[in-house]
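J.: Take this structure, written in structure tokens, and hold onto it; I'll ask about it next.
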Amino acid sequence: MQQLYAKLAELLGLYDHMLILNIIVGKIATNLKFYGEVFLSLELIPDALFCTDDVKQALIGLMRDLRGIAMATSSRRTYGFLFDWLYPAHIPLLLKAITIWADTPEVTTPLLKFVAEFVLNKSQRLNFETSSPNGILLFRELSKLIVTYGSIILSLPNRVDMYQFKYKGIWISLTILSRALAGNYVNFGVFEIYGDRALVDAFDIAMRMVLSIPLADILAYRKLSGAYFTFLEIMMKNQIQLILNLDSNSFTFIAGSLESGLKVLDANIKSQVCALFRPLSLVLGAKGSLGVTGKVAAM
């Protein structure tokens, strides 16, 4: 790091880290002004013309660039610039893009990866004020996005390359939800108090997407299995009531996935699976699902 500062001082005359930070913040602000023009241009395009190749390429480039900006916003201040710029003015474009291009991984993958980065609370950059509703508002929007994507992708027929077409988008969606659930910037109790289904609907579509994938395929793809078991772990720790509300078929699938997860070679996945047995047993005991409990006990 000292060598980096020395080089910056030599080439640019920047001798203070605050000067460097101010330049970075200014650059982000300038970039956002430019991207605002791009967003506006795309937002003005009618739905009937939104599925052209030019729009497709513009969306791909835009989402990749925004992900890069989001990755660079490692402080509360810089993240605040990005959040205020994106919400609420430009969020509808993300929903429009995922709706029209849901069957096109070239568009959905960079879009979902941007959202996954945007909701990641690294370095406590999403540390909103106590009275701020921003965390709740952010989760509502990502819930709409995931529900829309999941509903469409589940309705489409299978293709030869299922990983690229379907599984990749699903594991990124699970990552988005896991990061938001574990980010400690959303008061999820508010949703239940006001009858808001954002959390319930997001969890429901996530489980539907998971259950649409053969267990053998989940275990065959490392990123998919990692995202799945991470999602389960976070749900059992933070949202146990939603797990309790699952039907017996879903429990059977989860129990079977844990049993199979113990047999994989990946040490990280094995560690995740072992950590899940105790909370799962408690859930099953509370629910009284004797058939599934017996399956877990036999593992």
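J.: How far apart, in nanometres, would the label points at ALA275 and GLN164 be if each is projected 7 angstrom from Cα along the Cα-to-Cβ direction?
T.: Going by the 7 Å Cα→Cβ label model, 3.3 nm.
J.: Apply the Karplus parameterisation 6.51 cos²θ - 1.76 cosθ + 1.60, with θ equal to phi minus 60°, to every residue of the stretch 160-173 and state each ³J(HN,Hα) to the nearest whole Hz, in sequence, with x for glycine and proline.
T.: Once rounded to whole Hz, the list reads 4, 8, 5, 5, 5, 6, 10, 5, 4, x, 5, 5, 5, 4.
J.: Another question about this same structure. Report the gain in length on full extension from ALA48 to ASN127: 0.36 nm times residue separation, minus Cα-Cα distance, nm rounded to one decimal. Write out the running numbers ahead of the final one.
T.: On the way: separation 79, 0.36 × 79 = 28.44 nm, distance 3.96 nm.
Full extension from ALA48 to ASN127 adds 24.5 nm.
J.: Please report the relative contact order for the stretch 214-288, taking Cα pairs under 8 Å with a sequence separation of at least 6, and give it as a percent rounded to a whole number. Each step should come with its number before you reach the end.
T.: Details: 42 pairs, mean separation 27.4, N = 75.
Answer for the stretch 214-288 is 37 percent.
J.: How much length is gained if the chain between LYS237 and ALA216 is pulled fully straight, taking 0.36 nm per residue apart and subtracting their Cα-Cα distance, in nm to one decimal? Provide the component values of the computation, followed by the final result.
T.: Numbers: separation 21, 0.36 × 21 = 7.56 nm, distance 2.55 nm.
Residue separation times 0.36 nm, minus the Cα-Cα distance, leaves 5.0 nm.
J.: Give me the percent of the accessible area of the stretch 214-288 that comes from carbon and sulfur atoms, probe 1.4 Å, all protein chains in place. It would help to have the intermediate numbers written out before the result.
T.: On the way: 1950 of 3610 Å².
Ligands and nucleic acids excluded, carbon and sulfur reach 54 percent.
J.: Could you go through the stretch 244-251 in sequence order and give the Karplus-derived ³J(HN,Hα) for each residue, using 6.51 cos²θ - 1.76 cosθ + 1.60 with θ = phi - 60°, rounded to whole Hz, and x for Gly and Pro?
T.: 4, 7, 5, 7, 5, 5, 5, 4
J.: Compute the separation of the alpha-carbon centres of the stretch 209-273 and the stretch 86-121 and state it in Å as a whole number.
T.: The stretch 209-273 and the stretch 86-121 have Cα centres spaced 25 Å from each other.
J.: Still on this model: Rank by packing, highest mean first: peptides 216-229, 138-151, with packing defined as the count of other Cβ atoms within 10 Å averaged across residues.
T.: Values: 216-229: 18.6, 138-151: 21.6.
The packing order, highest mean first, is 138-151, 216-229.
The values are calculated or read from the model by the stated rules, or taken from the named source; none is laboratory data. Note that the coordinates shown come from a computational prediction; the quantities given were computed from them, not determined experimentally. When we count neighbours, we look across all protein chains shown, and the Cβ atoms used for this are built from the backbone with ideal geometry, even at glycine. Just the protein is used for accessible areas: all its heavy atoms, side chains included, with ligands, DNA and RNA removed. Shrake-Rupley method; radii C 1.70, N 1.55, O 1.52, S 1.80 Å.
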